[in-house]
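No lab work stands behind these numbers, since they all come straight from the coordinates. The structure displayed is predicted, hence computed values, not measured ones. All Cβ positions, glycine included, derive from the backbone under ideal geometry; neighbour counts span all protein chains shown.
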Amino acid sequence: MPSIRPPLPPAPPLPPTGLPRRAAAPPAAFEPLVLVPAFNHAPALGAVLAGLPAGTPALVVDDGSTDATGAVVTAAATRRADLFRLRHADNRGKAAALHTGFAWAMGRGFTHAVTLDADGQHDPAAVPAMLAASAADRGSLVLGVRPGRLPGTPLRSAVGRSVSDRSVRLACGLRVSDSQTGMRVYPLAAVVRAGCTASRFGFETEVIVRCHRLGVRVVEVPVGGRYAVATGRVTHFRPVADSLRGLRLHARLVAERLRGAGRRAADTPAAT
């Protein structure tokens with residue numbers, strides 16, 4: 001596996017070298033990591049990494065890219081020593097990339113992962129606000145909420161977001177403003193307890209529902225965003241296959257609620 005200082009052997013299992021392992025963090029600890037899943041995002045990734053705030057270690061999980069994504073991370077790592085990369089040998093999907101990053105982070109004593117997409121639609125300057133919200137409520141799942149409809153957003157994407165938001169409410173009673181946002185802060189221990197199994201993009205919806213059922217508070221932070229970026233937005237969402245997969249996931253989550261699994265009263269995320 002390609003390595004960024006210091007060398008990392010293939011993952012999983014967790015590499016024994018790289019960022020030094022720390023003692024297990026107590027429940028009240030707050031040790032965040034920036035996590036960026038990437039697949040063939042070379043055109044936009046450099047600007048994303050350059051915009052990350054200093055002081056918080058960052059990990060790029062390269063999900064089997066065939067473009068210059070690896071070279072972009074290597075170049076960025078020459079400018080900051082706390083940037084690391086893991087690479088899947090083949091493309092496994094966003095959920096798998098996130099899980100690989102979560103496992104790596106927890107194995108090194110990190111307690112939280114702030115995620116943002118590699119395509120440039122999230123402003124890295126919003127990371128401090130996301131981390132501040134998480135630090136203030138360390139057990140919460142923090143969602144970076146984008147405006148209702150960004151310029152350049154296709155109608156199908158806007159409709160898909162609306163349907164997903166309503167499906168989350170049906171599945172667990174929680175009203176959310178942006179269930180599809182990729183900019184979040186995950187409390188890693190809660191993610192493990194949630195036991196999500198959805199693949200690809202479905203994980204990001206499932207984890208909201210299952211965390212809420214566990215009693216994890218959901219906090220929303222306005223982060224802005226941009227659908228069209230100067231380098232051209234690269235999306236790997238497959239409209240037919242991923243939409244059908246999402247519908248099956250929503251049906252399963254709603255069916256669980258109807259059977260009484262994780263039933264909770266309607267709720268509204270906290271705002272910052």
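Tell me, in nm to one decimal, what length is gained between A125 and A68 on full extension, where the rule is 0.36 nm per residue of separation less the Cα-Cα distance? The partial results should precede the final answer.
On the way: separation 57, 0.36 × 57 = 20.52 nm, distance 2.43 nm.
Extra length available between A125 and A68 comes to 18.1 nm.
Tell me which residues come under 5 Å, amide H to amide H, from L59 once H is placed; ignore anything under 5 positions away on its chain.
Placed amide hydrogens put V34, L35, V36, F84 under 5 Å from L59.
In what sequence, highest mean first, do 108-114, 254-260 appear when ranked by Cβ atoms within 10 angstrom? Don't skip to the end; give the middle numbers.
On the way: 108-114: 22.3, 254-260: 12.6.
Top to bottom by mean Cβ count within 10 Å: 108-114, 254-260.
Please report how far the C-alpha centroid of region 48-62 lies from that of region 64-81, rounded to the nearest whole angstrom.
11
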